[in-house]
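FYI, it's all coordinate maths here, none of it is from the lab. Bear in mind that the values here come from a model prediction, so they are computed numbers and not experimental data. Ideal geometry is used to build each Cβ from the backbone, glycine not excepted, and the neighbour counts take in all protein chains shown.
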Amino acid sequence: MQPKTWVGCHIPLITPFKADYSLDVDGLQKLIDYFIEEEKCDGLVPCGTTGESPTLTNEEHDKVIELTVKFARGRVPVMAGTGSNSTAEAIERTKHAEHAGAAASLQVCPYYNRPTQEGILAHFETVAKATKLPLFIYNIPSRTGRLIEAKSMIELSKIDNIIGMKDACGDMMVTMDIMRGTRSGAKKFYVLSGEDALTFPMMTLGGDGGIMAVANVIGKEYREMIHLMLAGKLEQAREIHYKTLPVVKTLFIESNPAPAKEAMNMMGLPAGPLRLPLVPLKPENRETLRKALVQVGRLKG
């Protein structure tokens, strides 16, 4: 499925596991149907941070993308997480996603090896040349150890098949510089929030939606807020922003996706356990999460 637009609420899928930590294929299908039919999401993003991609084998990674495309059945576009700190591996995963039928690829900034801005540019330019897929660049320095600077992102936006970014840089000045620097380009450059609590303010500045871990839990609410913003209904969107803010904060009480998976298990969704080194929530944090879910109406008191 090749969408005409990438605005809206895109869900970075958790990867459901069985009790023995193997991939829960039936659970994945149930989640995809639930997010599309019940939560009305605008897109799916498998194999990102929220999908525990660091603990997936290459074979599992490829399989999850294949299954997501298969189970989505063209109802919404699939943006496959295929980035890596190895350029060669990013190309391999991206080519597989393209062959599997993904509509786009999400490419994280290379992590751990901490490239210079020149290295970052060379990495993404090389990946872009190796695929026909539209690419979104994921800027999340808190996890990668490197900020993709505004001037670098603006330069990358000039590449034909780099069409947007997932922004979790944590610095709204950088975000605004990128928005300002890409507005006059030859093509639309999408800015999707990856900093869940900042989705509303980012959209007031010209953002197009988001790829938010919390959408696994409160996807319907976030989709409504985003589409109200797109329709110019600021006051109604603001109400949802503040109503959901407590649960958004609680969903990051420990490392993502631990709280999201715990919340989904509480809600009866097939999430399953976390793979090490992530561990279950502390009891006191689990209770805080439960209360937040009751407050937002996702659990009964």
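Figures for the structure shown
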item: Two-site label geometry, Gln295 and Arg275: point separation in nm, points 7 Å out along Cα→Cβ; result: 3.4
item: Inter-label distance, nm, simple model (7 Å from Cα along the C-beta direction), Asp177/Lys158; result: 1.7
item: Stretchable slack from Ser255 to Glu59, in nm (0.36 nm times residue separation minus alpha-carbon distance); result: 68.1 nm
item: Residues Thr116 and Lys40, FRET efficiency given R0 of 51 Å [Cβ-Cβ distance, rounded to 0.05]; result: 0.75
item: Anchor Lys158: lysines whose Cα lies under 30 Å away (excluding residues fewer than 8 positions away in-chain); result: Lys4, Lys95, Lys129, Lys132, Lys166, Lys187, Lys188
item: Sparse-neighbour loop sites [trypsin sites (Lys or Arg not before Pro); segment 110-163; at most 13 other C-beta within 10 Å; DSSP]; result: Lys132, Lys158
item: Percent antiparallel among DSSP beta bridges (both partners in the chain, rounded to 5); result: 5
item: For Arg183, Arg275, order by how many other beta-carbon atoms lie within 10 Å, fewest first; result: Arg183, Arg275
item: Leu299, Leu228, Leu276 arranged by Cβ crowding within 10 Å, fewest neighbours leading; result: Leu276, Leu299, Leu228
item: Neighbour-count ranking [beta-carbon atoms within 10 angstrom, fewest first] of Ser142, Ser86; result: Ser142, Ser86
item: Lys, Arg +1 and Asp, Glu -1 on Cβ, resulting dipole of the chain about Cα centre, debye, nearest 20; result: 460
item: Label-point gap, in nm, between Glu125 and Lys151 - each point 7 angstrom along Cα→Cβ; result: 1.5
item: Within straight-line cross-link reach of Lys40, aspartates and glutamates at Cα separation under 19 Å, skipping those fewer than 8 residues along the same chain; result: Asp196, Asp208, Glu221, Glu224
